[in-house]
Each structure stands twice: as structure tokens, then as C-alpha cells.
Amino acid sequence: MIVLDWLMTILQDMGHTLRLPISFVVIEFIGTLAFAISGVRLASAKQFDIFGAWIVGMATAIGGGTIRDLMLGVNPFWMTNISYFACCALAVLWVIVFGKQLVRQKNTWFIFDTIGLALFNVIGIEKTLNMGFPYWTAITMGSITGAAGGVIRDVFINEIPLIFRKEIYALACVSGGIVYSLCHWLGMTTEVNALLSIIIVIVTRVLAVKYHWHLPVVKGEEMEM
């Protein structure tokens, strides 16, 4: 009961901060946890200490949303709600408990990263639409919310960000954003919009990795210094 009460308090606080329906608050919570776990998992694989892993997890979970909020002209969501720090601390605890299994299985990072990408994309889109911005802006903000945290994470762990590689990453967010916007324009409920968009992002990412779909690579001569 204590854990459930604590969880409900976190969800209520997040809902108040985001000004979104409870269904989207649950999406935000799961997305935050999933992205934080993906960041902590990669940090642990590179043998970061606990504090370093928590920082990487935090950057992954809140980085995209912070950039989005700054671009929309509002205070970053996490600055008025400590729940996001708690989610990231929970992610560190999760990796400590299940660390060997998570690090050993390479696909666990992909699963958590893809879930976080799809869920955060939806949050960014809905929040932008709620503020009265047009669909193309919402699609852009959704992609930033979903993908930018992963960019910051990869920079922190000294990897080339996925968004700059051949993999379909941000483009999956754009696909999900187009579906969400179309459903919103047709007057469907927010829950249906979110579900269809999440499915599109996850399916796009999974198929792209499985069948090695990628955009054309820009090739050029190396410049001599």
C-alpha cells in the first residue's frame, strides 16, 4: 500500500506539472523510467559509478523535454517536480538489482530505448497541441522530445548519437507524429491517437533494425587540414 500511495503521488504531481490527462501521465512515467533505464544501462556497461550513471539516466529522461519546453517558451517540466529525479533513482536501483542480466542482453537497451522514444514522442506532440501550436510544430516538438535525450546520452558515454547514424530513429518519431496529427484532425480521442502513434513508432524502429532500413548516407571527400 505504501508503494502504491507513493506511486499515485508521483503520477498526480506529474499530471499537475504537465497539465495532461491521467492516461498521458502514466505514459510520461513509463517513458521516463524506460529512457532512464536505457541511459543507466549503457552507463553501467561502460562502468560509470552510481552518480555518473544517474546523471546519464537523468539526461536521457529529461533532455528532450527540456529542449522542447525551452523552445515552447515555458519552464522545463522537471524544475517544479521532483518526481522525475525519483524515477531516475528508481532506474538506477533497477539496473543495480538486475545489472548483470541487463548488460549481458544487448537487446534490453534497444527495448527500453524504443519504448521511451515512442512514449515521449506522444507527450511532446500532445503538450504542443495543447498550447495551440500547429500540427507541423507538434510533430517537430514530438521528435525533439523523443530523440534529443538519446543524443545527450550518447554524447555523455562518448558514442556517435543514433540520430546521426544510418538507423531510422528520429524519422520513426516523425511517422508517429504524422499518424497522431491525422487522428487528432479526424477527431479521435487522445488515447486512441496516442496508442496508434506509439504502435507506429515502435513498429517502425523494430522493422528498421530487423531489415536494416536506413536513409542514404552522405558521402564526400575528407578535408585536409
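A few notes on this one:
- Scanning segment 124-140 turns up one or more residues that are among the charged types (D, E, K, R), under 22 Å from V26 (Cα atoms), out of contact with any Phe, Trp or Tyr (no Cβ under 8 Å at 6 or more places or on another chain) and buried (at least 23 other Cβ atoms within 10 Å of the Cβ).
- Qualifying residue in segment 65-81 (condition: farther than 19 Å from K46 by Cα, buried (at least 23 other Cβ atoms within 10 Å of the Cβ) and touching a residue at least 40 places away in the same chain (Cβ under 8 Å)): yes
- The combined condition, being of a type in the set (V, I, T), touching a residue at least 40 places away in the same chain (Cβ under 8 Å) and crowded, with 20+ Cβ neighbours inside 10 Å, is fulfilled by I198.
Coordinate-derived values only; no laboratory data. Bear in mind that the values here come from a model prediction, so they are computed numbers and not experimental data. No Cβ is skipped: glycine too gets one built from the backbone with ideal geometry, and neighbour counts run over all protein chains shown.
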